[in-house]
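Undergrad: Quick one: this structure, given as structure tokens, is what I'll be asking you about.
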Amino acid sequence: MMDELFRIILRVLTILPLLLIVTMYMGKRAIGQLPLFDFLIIITLASVTGADIADPDIEHLHTIVAILVIALLQRIVSYFIIKKRWFGHFMTFEPTVVIENGVLILKNIEQIRYSIDNILQMLREKDIFDLSTVKLGIVEANGKLTVYRNPENSLVTLEDIYTAKRSSNLAYPVMMEGKVYTNILKGLGLNTAWLHNELKKKGIFRPEEVVFASVNEDKELHVSLKNADLKGPPLQH
């Protein structure tokens with residue numbers, strides 16, 4: 001009996017530091033956002049670890065190897081999700097618009113297996129009790145609701161108090177990794193010629209250099225380039 005208790009204690013003392021190292025190796029993404037694949041990884045790690053601690057008959061070395069292989073698999077899949085957009089789309093859920101101009105988009109809500117009560121609860125958690133104050137509501141890939149309020153219902157900021165707002169805060173993605181979203185441009189009353197002309201004004205003559213570009217409702221273009229560097233000091237804890 002004492003031998004089994006000692007073995008369980010020893011397994012806990014060796015598994016927990018290993019899990020800490022493995023989780024740090026897997027990265028912040030696996031902890032904070034929990035996309036679908038990372039969620040499965042966490043469940044698998046918990047199952048393997050729990051079985052190893054609870055059952056002294058399981059070979060401890062096999063558990064350690066399994067944890068290391070799971071962590072390596074997660075890093076490989078994460079690499080392809082980041083580098084290959086088609087793979088990322090395949091492995092994760094797409095953002096879904098569920099509210100537009102105060103109106104619930106029922107077919108989209110049903111498509112993601114949410115109920116209206118779910119959406120209303122998520123709004124209340126954001127201190128929003130009037131649906132008409134919401135211009136856009138999006139259920140993100142991690143299941144959380146992102147809300148953009150109507151400008152007149154937005155929280156007051158220093159910009160509102162001291163100066164007039166310079167532009168709209170709502171922007172639409174029009175380019176992603178060199179690919180132009182012509183349907184979004186068309187919806188904004190714009191076209192690819194306008195986009196390329198605006199890029200040239202910013203000194204960008206190769207669209208493939210653009211990793212992300214968006215246009216707000218004032219037709220202002222914002223661009224992020226592939227080789228952009230951090231301008232300010234790095235953040236540390």
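Values quoted throughout were computed directly from the atomic coordinates according to the rules given, and no laboratory measurement underlies them. Just so we're clear, the structure is a prediction, and the values are computed from it rather than from any experiment. Heads up, the Cβs are rebuilt from the backbone with ideal geometry, glycines too, and the neighbour counts pull from every protein chain shown.
Undergrad: Of the listed pairs Lys202/Lys226; Lys135/Lys202; Lys135/Lys219; Lys135/Lys186; Lys83/Lys135, which have alpha-carbon separations greater than 25 Å here? Provide the component values of the computation, followed by the final result.
TA: Numbers: Lys202/Lys226 15 Å; Lys135/Lys202 30 Å; Lys135/Lys219 18 Å; Lys135/Lys186 20 Å; Lys83/Lys135 32 Å.
Result: Lys135/Lys202; Lys83/Lys135 exceed 25 Å.
Undergrad: Per residue of the stretch 188-193, in order, report the coupling 6.51 cos²θ - 1.76 cosθ + 1.60 (Karplus, θ = phi - 60°) as ³J(HN,Hα) in whole Hz, putting x for Gly and Pro.
TA: Taking θ as phi minus 60°, the curve returns 8, x, 10, 8, 5, 4 Hz for the stretch 188-193.
Undergrad: If R₀ is 30 angstrom, what is the calculated FRET efficiency for the pair Lys144 and Lys219, using the beta carbon separation as r and rounding to 0.05? Working shown, then result.
TA: On the way: r = 30 Å, r/R0 = 0.99.
So the FRET efficiency works out to roughly 0.50.
Undergrad: Express in nm, to one decimal, how much length is gained between Phe6 and Phe90 on full extension, taking 0.36 nm for each residue of separation and deducting their alpha carbon distance. Write down the numbers at each step before the final one.
TA: On the way: separation 84, 0.36 × 84 = 30.24 nm, distance 4.53 nm.
Between Phe6 and Phe90, full extension yields an extra 25.7 nm.
Undergrad: Can you give the net charge of the other residues whose Cβ lies under 15 Å from the Cβ of Thr44, counting K and R as +1 and D and E as -1?
TA: Working: positive: Arg75; negative: Asp38, Asp52.
With Lys, Arg at +1 and Asp, Glu at -1, the neighbours total -1.
Undergrad: Considering amide H positions built from the backbone, and no H for Pro or chain starts, which residues 5 or more places from Val98, or on another chain, come under 5 Å of its amide H?
TA: For Val98, whose amide H was placed from the backbone, the distant partners under 5 Å are Gly137, Ile138, Val139.
Undergrad: Still on this structure, I have one more. Using a cut-off of 11 Å between beta-carbons, work out the net charge of the residues near Glu208 (Lys and Arg +1, Asp and Glu -1, Glu208 not included).
TA: Details: positive: Lys179, Arg206, Lys226; negative: Glu177, Glu209.
Neighbour charge sum, excluding Glu208 itself: +1.
Undergrad: Separation between the Thr14 and Leu40 pseudo-spin-labels, each 7 Å from Cα along Cα→Cβ, expressed in nm?
TA: Each label point lies 7 Å from its Cα, and together they span 3.0 nm.
Undergrad: What is the distance, in nm, between label points placed 7 Å from the Cα along the Cα-to-Cβ direction at Ile76 and at Ile21?
TA: 2.1
Undergrad: In addition: Extent of the stretch 61-104 along each principal axis, from alpha carbon coordinates, in Å, largest to smallest?
TA: Computed over the Cα atoms, the extents are 56, 22, 11 Å.
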